[in-house]
1. Among the residues of segment 32-58, write down those that are among the charged types (D, E, K, R) and either surrounded by 22 or more Cβ atoms within 10 Å (Cβ to Cβ) or in contact with a Leu (Cβ under 6 Å, 6 or more places away or on another chain) (or both).
2. Tell me whether segment 61-72 contains one or more residues that are within 21 Å of the chain's Cα centre (by Cα), among the small types (G, A, S) and closer than 30 Å to A428 by Cβ.
3. Of everything in segment 491-509, what is of a type in the set (A, V, I, L, M, F, W, C) and in contact (Cβ under 8 Å) with a residue 24 or more places away in the chain? Give them in sequence order.
4. Spot the failing condition for F248; the list is (1) at pLDDT 95 or above; (2) surrounded by 20 or more Cβ atoms within 10 Å (Cβ to Cβ), and only one is missed.
5. Enumerate the pairs (first residue in segment 414-442 and without any contact (Cβ under 8 Å) to a residue 40 or more places away in the chain and closer than 18 Å to L320 by Cα; second residue anywhere and of a type outside the set (S, T, N, Q) and not in a strand (DSSP E or B)) with beta-carbon separation below 7 Å, excluding pairs fewer than 6 apart on the same chain, so at least 6 apart or on different chains.
6. Can Q156 be described as polar (S, T, N, Q), farther than 27 Å from G40 by Cα and surrounded by fewer than 18 Cβ atoms within 10 Å (Cβ to Cβ)?
Amino acid sequence: MNKKYDVVIIGAGNGGLAAAIGVLKAGKSCLVVEKHNLPGGFATSFVRGRFEFEASLHELNGMGQGAHTGSTYALFDELGVVDKIDWLQIKHAFRLITKEEGLDFTMPIGPEACVEACKKLCPDGDKYMQRFIDLSINCAEAMNYIGQSKGKPDPQVMQTKYADYLACASYSVDEVFEAEHFPKVMQYVINAYWSYLGTKTSEVNFAHYANMTYKYFLYGAVAPKLRSHEMSLAFVERIHELGGEIWFNTEATKILLDDKGRVFGVSLANGQCIDTRHVIANCSPHNVYGKMLNKVPEAATKLTNFRRLAGRGFTIFLGLNKSPEALGITDHSYFIYDTADANVIYEKMKKLDSAAGQATVCLNHVHPDCSPKGTTILYITSLFMDDVWADVDEKDYHKKKNEIAALFIRKFEEATGAKLFGHIEEIAIATPQTYARYTGHPQGTIYGYESQPNDSLMARVQMVNEDAVVSGLRIGGGFGERLLGFSSAYKSGLSEAKRTLRDIEKEAC
């Protein structure tokens, strides 16, 4: 054993970086070990030719601006990184295009603008949009109150102030909209963001979905000027300011337990052992319990096997040799679906060649100078809801990924009228295998464990202490209680840091 640390964090992804700052701010010593040579995990960028591509972030919600800031801004401010990042405000929420219903609708930003846009969409569309916003705010305020009361809210307060939350929190998005008699077209428009959670609307918890969606509608979204890697570097800088250490090119291979099943150290691939009583693992529980522990508690095995892996990522990174205007790319954020019914698209995404849905971003519309003048950066992202890439023979892999990429590009052209083929200067294609290799996530999932009716955000938050089945070990980030997503991973990492600090306090008593 070498130097002893109060906490060792495995993985310098979003959750791990946030956890490190939380530990260090409390005056505890902390070491972060990261097997890659760069911080951030998904929050990074890479260069092909004369283009620097964003690895995964489309936009970050909950920031706001001026006097109207949201929960993500408050989180970054608490961590001391908000002023270290150059933020760019995105002008519109999204453009939704669906083939079957013939929808082509652009959602603006701001509650008044959203309500006015929906007024033109269908009779009483403004009233339904306002009702959704009101429900969302009530749910968000109730969740904040429950958190502040440390899981023991006053029933009278809940009944009088948060009646909408009590009525909605146990139900899916579809169930709430049906109970509220929302017209189908309003459901389709509000549900456009469903692929950001990767769970069909018949299963995803309404309070969870509303808490994410209304932040886009009310506060808009932002993007870091220098890609998400700028965010990761800001976190690293803050960790160093607080006296923390990050060891890159350093893989943790084992979490060491004593004969009572308590953490006492971390073993590294280079043979070194680090002395610690507390570990926060910013990585998949599949890897933690399947590879890093010699003895796994039965409860951990059952829980991990019960949970369902969420969407496996597929992304096409395009560097185009003409400007967005010349190509006919008019918007920053597109949702393009074969049908507006999220449940149908979800099932289609279990097939290899459907290309049924995509979330596509043109970075130039938020950052005109992100690529050389007269060029365009475009990202097309989709999900596979089953491990269908495992059936692709190795010798057919490159051909198959090119075929599927071409299918997505054609669907974007057909939906928007833009012309991409013939103007592709650089292209990189990330399949689930790519993400599995880069992040270590099983089957290349980019969304952790899928939200299910009995394993939703609400259920996980209430049962988070039961997830800590190994004394001294907590799991944060995208596989934590808040599920995957940039802001969720940061919040999860900080939450696990605070829980670990409470564990340390108990040991001292």
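1. The initial filter retains those residues of segment 32-58 that are among the charged types (D, E, K, R), namely 34-35, 48, 50, 52, 54.
Selection gives E34, E54.
2. Checking segment 61-72: at least one residue is within 21 Å of the chain's Cα centre (by Cα), among the small types (G, A, S) and closer than 30 Å to A428 by Cβ.
3. Going through segment 491-509, the residues of a type in the set (A, V, I, L, M, F, W, C) turn out to be 494, 497, 501, 504, 508-509.
Result: L494, A497, L501, I504.
4. That leaves (2) as the condition not met.
5. Hits for this filter: F421/I409.
6. yes
This table checks each residue for (1) without any contact (Cβ under 8 Å) to a residue 40 or more places away in the chain; (2) in contact with a strand residue (DSSP E or B) (Cβ under 7 Å, 6 or more places away or on another chain).
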{"site": "T301", "(1), (2)": "yes, no"}
{"site": "F306", "(1), (2)": "no, no"}
{"site": "E325", "(1), (2)": "yes, no"}
{"site": "G328", "(1), (2)": "no, no"}
{"site": "D331", "(1), (2)": "no, yes"}
{"site": "Y334", "(1), (2)": "no, yes"}
{"site": "Y337", "(1), (2)": "no, yes"}
{"site": "L352", "(1), (2)": "no, no"}
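So that you can scan it fast, the table gives a plain yes or no per residue for (1) in the same structural domain as G13 (by TED's automatic domain parsing); (2) in contact (Cβ under 8 Å) with a residue 60 or more places away in the chain; (3) assigned to a strand (DSSP E or B):
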position: F177; (1), (2), (3): no, no, no
position: M186; (1), (2), (3): no, yes, no
position: W194; (1), (2), (3): no, yes, no
position: N211; (1), (2), (3): no, yes, no
position: V236; (1), (2), (3): yes, yes, no
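The values are calculated or read from the model by the stated rules, or taken from the named source; none is laboratory data. Computed from a prediction, not measured in an experiment: that's the story for all the values here. Cβ: placed from backbone, ideal geometry, glycine included. Neighbour counts: every protein chain shown.
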